[in-house]
Amino acid sequence: MSKNKTEKGFWAAIFPTIGSVIGTFLYDYFFDDPKRPGIMRFSFPARTLHWVTAVLIILLGFTGLILFVPGWGTIAVAGWTRIIHRICVYIFSVVLLLYFVTYRKNCLDYIKESFTWTREDLGWLRAAVDYYLGGEESKMPPQGRINPGQKIWQLITILCGAIFFITGAIMTFAKGAVAPGVFQWCVFTHDIAFIIGGCMLIVHVVLGALHPRMSESLRSMITGKISVQYAKSHYGKWYEKISKKQA
Amino acid sequence: MAKAMLMDVTRCIGCRACQIACKQWHDLPAVHTTNLGTYENPPDLSADTWTRIEFRELDDHGTLKWLFSKHQCMHCTDAACVNVCPTGALKRDPYFGFVTYKRDKCSGCGYCIEFCPFHIPRKDEHANKLLGTGLMGGKCDFCFDRVSNGVEPACAKACPTGAITFGERDDLIREGRQRVMTLKKNYPDANLYGERELGGLHMLYVFAERPSVYDFPENPEMPAAAISLPIEKWTGVGLGLLAGAGILTASVVARARMIQEEKQNVKE
C-alpha cells in the first residue's frame, strides 16, 4: 500500500471534519443574529458536536455501505475506503472523548434522558403515528426537552454506537488474537447495528429536515434557537420549565 | 469436468519440490527464515508461500512416524470466503470448480482470512492494522493458467513420487477410494478426505491417519455467520429502502393533510 493512498485517505477524513467545525462556527458568528428572538435549544458545543459527528457518520456510513450492499463492493477495491473508515473512527473517538471531558454534564444528561421512560411516553408513541401523518397537533400530550420519538433516536445512537465501537475495536485490534468465531460474529453484529442505526438515521434525517411537523428542527440545529410558539407546541413541559427559570 | 488434485500422503517423501515449483511458476520470492530445529520450512503459509508441506512427528506405540501433508487452498465447493467476500475478488469458477482470487479486486477487509475453515488465506506482510491497509496476500490459484491450457498444476508436475496427481475429480475420488482400501490393511485409520467436506473439496487427500493428525479439521464446516451474512445484507438493504420510503411517504401525506386543514380553516 503506497503512502500516498494513506495520506489521501487521511485528508479525505479530516477535511470534512474540520470543515464542519469551521462551518458551524462561521454560521454562528457571521450569519446568525444573536439578538434574534427565540429560545436557546442547542448550545454551540452541542451543535458543533452534532455536525462533526454527522459528517463522520456519513463518511463511516458510506465506506461501510459499499461493503454492505451486494454489488457495490468494487468501489472499495484496493482498500482506500478502509483507511477513511479507520481514520474517521479515530477522529470520532477523540471528538467524543474531548466532548465528554469538557461537557460531562451534557453527556450524562443525554444518557440519563435516553434511558428514562415513563408510561406517558408509551401513550405519546401510540398517538405519534397519526401525528407524523399530519394528524391533529393539539391532541399530543405536552413534552419535555425531547419527545419519546427523539428519545428512541438518542437511545439508538448510544446503543448502536456502543456496539459499533466494541465490535469494531475487536475487529481492528484483536484480529487474529481472538478466535475466528468471535470475529465472525463481530462482523455480523456490526452489520446488525448498521441496519438498525442506518434505518433510524434515514428516519432521523427525513423527520428533522423534511417533515412539515418538525418545521424548525433543522434550523434549530444550525442556529440553536426555536421560536416561542414552536417551543410551546412541541415541548410544552420544557418551555414551562425554561420560562420559570428565566422569570 | 470438475478438476481436482489428489494428494496421497503415504507417497510423499517431504522433498518440497511442490513448494519450489509453486514459487517458480507464480514468481514468488523466497521467505527469509531461521532454523527452528525442523526440516519444515517456511514456518507458515504467507502472501509469498501459497503451498507448504507440513512435517509432523507422531509417536505411535514407541515407533516414530514422520508425516508429511501439503497445505494450501482446498478449493471448497461451498467456500466460506466466496460467501463473505464483499468485492467479489474471491469467486468460484463454475467450470473447474476452483476458488479464484483476483488481487486487483481485493479491498483487504480480511474476512476470508477469518472465515476460512482451513485457515489458509494470509494478509500482506506489510499490512498496517491501525490504518487497515494491505490486501489479502494471495493463495493457491490451482495454476489456473496452466489448467485452462490443459497442463497439470506446477506442484503436481514437480512431484517426483506421484504423491500429487491431477485429473478429473470423479476419477481421482475413485482412485483415492481404491488406495484407501489398500492402505486399510496396514493403516486402519486410512481415509479419503475432501469427498463430501464443504460440498466437496477440489483438493483431495488420502490420509493414513485421522485428518486431525495432519493438522486438518475433522469436520470442516461453513461458519454459521458466513451463511447468515448475505441474508443479513439483503434484509438490511430492504429495511433501509422501506424506512426511507415509509418516512418520506409520511412526510408527504402529513404536508398534504396540513395544507388541506389550513384551507378548511381559511374557509371557516
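The values are calculated or read from the model by the stated rules, or taken from the named source; none is laboratory data. Small disclaimer: the values here were computed from a predicted structure and weren't measured. Please note: Cβ atoms are built from the backbone with ideal geometry, for glycine as well, and neighbour counts cover all protein chains shown.
Checking the structure you have, find out if any residue of the range B:158-166 is more than 11 Å from every other protein chain (Cβ to nearest Cβ), touching an Asp or Glu at 6+ places or on another chain (Cβ under 6 Å), aromatic (Phe, Trp, Tyr) and surrounded by 13 or more Cβ atoms within 10 Å (Cβ to Cβ). So far as the range B:158-166 goes, yes, one or more of its residues are more than 11 Å from every other protein chain (Cβ to nearest Cβ), touching an Asp or Glu at 6+ places or on another chain (Cβ under 6 Å), aromatic (Phe, Trp, Tyr) and surrounded by 13 or more Cβ atoms within 10 Å (Cβ to Cβ). Assess whether A:Ile202 counts as being part of a helix (DSSP H, G or I), surrounded by fewer than 19 Cβ atoms within 10 Å (Cβ to Cβ) and among the aliphatic types (A, V, I, L, M). Spelling it out, it is not the case that A:Ile202 is part of a helix (DSSP H, G or I), surrounded by fewer than 19 Cβ atoms within 10 Å (Cβ to Cβ) and among the aliphatic types (A, V, I, L, M).
Those helices (runs of 4 or more DSSP H) of the range A:77-159 in which at least 2 residues are among the polar types (S, T, N, Q), considering only elements entirely within it, cover A:80-102, A:104-115. Whenever a residue of the range A:62-78 is in the same structural domain as A:Cys88 (by TED's automatic domain parsing) and at pLDDT 85 or above, its partners that are assigned to a loop (DSSP other than H, G, I, E, B) and hydrophobic (A, V, I, L, M, F, W, C), lying with C-beta atoms within less than 6 angstrom and at least six residues away or across chains, give the pairs A:Ile66/A:Trp72. B:Ile247: facing chain A (nearest Cβ under 7 Å) and either closer than 26 Å to A:Met200 by Cα or of a type in the set (Ser, Thr, Tyr) (or both), yes or no? Spelling it out, B:Ile247 is indeed facing chain A (nearest Cβ under 7 Å) and either closer than 26 Å to A:Met200 by Cα or of a type in the set (Ser, Thr, Tyr) (or both). None of B:Met203, B:Met181 is in the same structural domain as B:Arg52 (by TED's automatic domain parsing), exposed (fewer than 15 other Cβ atoms within 10 Å of the Cβ) and within 30 Å of B:Trp66 (Cα to Cα) except B:Met181.
Selection over the range B:50-64 of residues that are without any contact (Cβ under 8 Å) to a residue 40 or more places away in the chain and either in a strand (DSSP E or B) or within 30 Å of B:Pro153 (Cα to Cα) (or both) gives a count of 6.
Checking the stated criteria, B:Ser148 turns out not to satisfy the condition of being buried (at least 24 other Cβ atoms within 10 Å of the Cβ), more than 15 Å from the chain's Cα centre (by Cα) and more than 22 Å from A:Ala179 (Cα to Cα). Please verify whether the range B:94-107 includes one or more residues that are crowded, with 23+ Cβ neighbours inside 10 Å, under 21 Å from A:Ile83 (Cβ atoms) and small (Gly, Ala, Ser). Scanning the range B:94-107, I find at least one residue that is crowded, with 23+ Cβ neighbours inside 10 Å, under 21 Å from A:Ile83 (Cβ atoms) and small (Gly, Ala, Ser), so the answer is yes. Checked against (1) free of Cβ contacts under 8 Å to residues at least 40 places away in the same chain; (2) surrounded by 19 or more Cβ atoms within 10 Å (Cβ to Cβ); (3) under 20 Å from the mean Cα position of the chain (by Cα), A:Gln184 meets all criteria but (3). For the range B:83-92, the criterion of being on the phi > 0 side of the Ramachandran plot, assigned by TED's automatic domain parsing to the domain that holds B:Glu195 and assigned to a loop (DSSP other than H, G, I, E, B) is met by at least one residue. Got at least one residue in the range A:213-228 being within 9 Å of chain B (Cβ to nearest Cβ), under 28 Å from A:Phe44 (Cβ atoms) and not aliphatic (A, V, I, L, M)? For the range A:213-228, residues within 9 Å of chain B (Cβ to nearest Cβ), under 28 Å from A:Phe44 (Cβ atoms) and not aliphatic (A, V, I, L, M): present.
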